[in-house]
Every structure is written in C-alpha cells, then in structure tokens.
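Step one of this worksheet: look at the structure below.
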Amino acid sequence: MPLNVKAGNDGLPMKTFRGFLLDADNTLLDYNRAEREAFLQAVVPALPGVPPEQARLAYGRINAEHWARFERGEITAGQLKLGRFQALLDSFGLQADPAGLSRVYLEALSAKAFFLPHAREVLEELSRQAALCLITNGLTLVQRGRIRASGMGRFFSAILISEEVGIAKPDPGFFRLASEALALPASELLCVGDNPTADIGGARGAGIAGCWYNPAGGAWPGPGDPPERTIADLRELLGFAEPGA
C-alpha cells in the first residue's frame, strides 16, 4: 500500500481528500497556553486580592459557558466579549470596566501564537498536497493577530472566522461556506478538529467527513457515533491527502 494511503479498520485503503478544513485552536495552535499567558498578563492585575489561579479557573468556566451559548446562537460575539468579563467581575464582587478588561485581554491574546507539536511541518507539507481552509469560531481581532504572529496564513487558500462571516460552527452553513471557498464539494473535504460538537458534528451536518484530533487518547464523547478517523498526531493527516491533488 502506498505510504500516503491510510488503512481502515477492515484493512482496505481509506478515502483520500483534495481539501482539508482545519480548526485553529487546540488543533493547530495551543490555545490553552495562549489564553493562560494573556490572562495572567492582562486580567489578573485588574482583580485585586484574587489569587491568580482561582481567577483563571473561574474565567475558564465562565468563558466555556459563554462560548457554548454563542455556538448555540443564544448570544452574539459582542455579548460574548463583554458578558464573560462582567460575569467574572461579578463572581468576585469587583467593580471595574468589563469593556476595558476585554479590550486589553484580547490585545494580549492576539499576540500569542504557539504551534502544537508538528503543526507547522504538517501545514508546510499538506499545503503542497491539498487545498486548505482554516476554520475557527474565534474573534477577528484575536485570530487575525495570531495568524499573523504564527505566519501560518500562507498555508491556506481560505480562512473563515465566525465573527467575520456571521455564522459559527457547528452550523452546517459555516462548513458550506468553507466548501464554497475552496471550490470543492463536500465529498472531497475532510474536517479536522478537536471539538466533537463544533468541528466533527458540524461538518457531519454538512455532509463532510470528520477527523477528530485526540492527542490525549480519550474515549469519543459524542454526539453520535465517532468519526471514521481519529488521530493523536497531526502527521497522520499526510496520509489522507489525495495523491496528485
């Protein structure tokens, strides 16, 4: 079997793809590290008397809740940006300007871009083999800044940021926009991401195959059945590109 063909569970060659939709945060870039450093730099000084780790854990919970509401279409990006910091201040009984706190945090976060293991080398090689579209539910200021800081924009034929396009993962419409941006049908695309709902579930709703990036090796949490492909190492993606694409 050729080196660039991945074997399926039945030993037969798995389908290869002409285009890849690649999630940004915690798939290509280490968002957890970026968030932690930006929070300690920009937010902790504005929370007098609150232990930094306690503040960071509280923000992590609040931020996750707000992003989940955003992905369900319950709040706008603007409400997310302001609401999570208002909730953080309220949780510690502090008075401060949530808009100002959000602004300095986003500015700090936009400058922090750390590749996950093998991400840069995989992008370099995969971009020679297939068309790539970066897909992210991030905020424009943050994601455009981190794309510039990482230098990875040159690897992508298209970049879709939810705040810019007005629709977010897991809405199937987001993935249809990516298909249109690459001028490739859903059947020739593979969506790669760490989020079972936003990435894999959303792609599935648009008829696009999914590949779950699961470096920790955990069990598939749903929704639905696990995707045909699960990888622990980004280098495995090089076997999924269609030869000569």
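Bear in mind these aren't lab numbers, they're just calculated from the coordinates by the rules spelled out. Because the structure is predicted, anything quoted here is derived from the model rather than measured. A quick note on method: Cβ atoms are made from the backbone with ideal geometry, for glycine too, and the neighbour counts reach across all protein chains shown.
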Problem - Residue list for segment 71-97, restricted to those being among the small types (G, A, S) and farther than 18 Å from L141 by Cβ - result: G73, A87, S91, G93, A96
Exercise for the section: Check E188, E236 and return the single one that is closer than 22 Å to L29 by Cα, of a type in the set (D, E) and surrounded by 15 or more Cβ atoms within 10 Å (Cβ to Cβ). Expected result: E236
Practice task
Evaluate the following for R154: is it assigned to a helix (DSSP H, G or I), in contact with a helix residue (DSSP H, G or I) (Cβ under 7 Å, 6 or more places away or on another chain) and basic (K, R)?
Solution key: no
Practice task
Determine if segment 82-89 includes at least one residue that is under 18 Å from the mean Cα position of the chain (by Cα) and either of a type in the set (K, R) or over 30 Å from L184 (Cα atoms) (or both).
Solution key: no
Completion exercise
Going through (1) on the phi > 0 side of the Ramachandran plot; (2) touching a Ser or Thr at 6+ places or on another chain (Cβ under 9 Å) one by one, G93 fails only at (2)
Practice task
Could you please give the count of residues in segment 36-93 that are of a type in the set (V, I, T), assigned to a helix (DSSP H, G or I) and touching a residue at least 24 places away in the same chain (Cβ under 8 Å)?
Solution key: 1
Fill in the blank from the handout: Those residues of segment 121-151 which are touching a residue at least 40 places away in the same chain (Cβ under 8 Å) and not in a helix (DSSP H, G or I) amount to A130, A131, L132, C133, L134, I135, T136, N137, G138, L139
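Let's see how each residue does on (1) in contact with a Leu (Cβ under 9 Å, 6 or more places away or on another chain); (2) surrounded by 15 or more Cβ atoms within 10 Å (Cβ to Cβ); (3) of a type outside the set (S, T, N, Q):
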| residue | (1), (2), (3) |
| --- | --- |
| E65 | no, no, yes |
| A68 | no, no, yes |
| L82 | no, yes, yes |
| A87 | no, yes, yes |
| V104 | no, yes, yes |
| L123 | yes, yes, yes |
| C133 | yes, yes, yes |
Practice task
Consider G218 carefully, then state whether it is without any contact (Cβ under 8 Å) to a residue 40 or more places away in the chain, more than 12 Å from R18 (Cβ to Cβ) and out of contact with any helix residue (DSSP H, G or I) (no Cβ under 8 Å at 6 or more places or on another chain).
Solution key: yes
Problem - Where S179 falls short, out of the listed (1) touching a helix residue (DSSP H, G or I) at 6+ places or on another chain (Cβ under 6 Å); (2) among the hydroxyl-bearing types (S, T, Y); (3) not in a helix (DSSP H, G or I) - result: (3)
Problem - Hits in segment 11-52 (condition: buried (at least 17 other Cβ atoms within 10 Å of the Cβ), more than 30 Å from A158 (Cβ to Cβ) and not β-branched (V, I, T)) - result: F39, A42, A46, L47
